[in-house]
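Just so you know, all these numbers are worked out from the coordinates, no wet-lab data involved. Because the structure is a prediction, the values reported are computed rather than measured. Neighbour counts are summed over all protein chains in view; Cβ atoms, including those assigned to glycine, are modelled from backbone coordinates with ideal geometry.
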Amino acid sequence: MSARPFSLTLAIHPVSRGFGWIAFEAPFAPYDWGLVTVRGTDKNARCLRRAERLLDRFEPETLVLEAFETRRSARADRITLLGRGLVALAGERGIEVAIYTRGEVKACFAKVGAVSRQDVAEAVSRHVPALHHRLPKPRRPWQTENPRMALFTAAALVLTHYQYVASQVLENLRKKSEENDD
């Protein structure tokens, strides 16, 4: 594998029929994205093989996931097992894993007035114009969620990650400044 002059952050968002993924090279700079659909038996094994190919292809510095093991995450057992498998794959490759709850993502996007999942997807499409054409229409109460929402959830996870990293850097700078003032 050739070394890139930049590092990538990859988010994977598992859903019942596969997963959505997106790789960013910087905040608001998507590098590549897609949806993986799997049907039939042994979905997790097939999802993990596809995720492994993505990890090998992009060699990300960080893998970002939505929390899958908390009581409040309410993810299906299969998705929880898939999340554990993704963490293990990343660990085998020395890739940092960042996990954020839905609450943390909502808090990040609340600053721009996004409350619902659709609001968050619309905010992502405004801030990442390359994804705008992929934005699903709001679903009606009787409709199932559009599979493309997994792509927007993955993008929201990366943007949340970048915000949390930036806030940690700012906090560390503030603390150092206070220490120097003493």
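Values for this structure:
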{"item": "Euclidean distance between Cα centres, region 1-64 to region 121-182, Å", "result": "17"}
{"item": "The chain: relative contact order in percent, alpha carbon pairs under 8 Å with at least 6 residues between", "result": "26"}
{"item": "Order by protection proxy (mean Cβ within 10 Å, highest first), peptides 50-56, 16-22", "result": "16-22, 50-56"}
{"item": "Helix axis angle, 77-92 relative to the chain longest principal axis, alpha carbon, degrees", "result": "50"}
{"item": "Nearest-ten-degree value, helix 149-181 long axis tilted from longest Cα axis of the chain", "result": "10"}
{"item": "Using alpha-carbon coordinates, inclination of helix 117-127 to the longest axis of the chain, degrees", "result": "60"}
{"item": "The chain - Debye-derived log10 I(q)/I(0), Cα point model, q = 0.08, 0.14, 0.16, 0.20 Å⁻¹", "result": "-0.26, -0.77, -1.00, -1.50"}
{"item": "Which of Lys106, Lys137 has the fewest Cβ neighbours within 10 Å, and the rest in rising order", "result": "Lys137, Lys106"}
{"item": "Ranked packing of 97-105, 39-47, most packed first, by mean Cβ within 10 Å", "result": "97-105, 39-47"}
{"item": "Gain upon complete extension [Glu61, His132; 0.36 nm per residue less C-alpha separation]", "result": "23.0 nm"}
{"item": "Estimated inter-spin distance, Glu92 and Ser7, nm [label 7 Å along Cα→Cβ]", "result": "2.2"}
{"item": "The chain, helix-only ellipticity at 222 nm - DSSP H runs n ≥ 4, -39,500 (n - 2.57), divided by all residues, nearest 500", "result": "-15500 deg cm²/dmol"}
{"item": "Relative contact order (%) - criterion: Cα under 8 Å, at least six apart; region: region 7-68", "result": "40"}
{"item": "Reach of Lys111 by Cα under 16 Å, taken over aspartates and glutamates that are not fewer than 8 positions away in the same chain", "result": "Asp119, Glu122"}
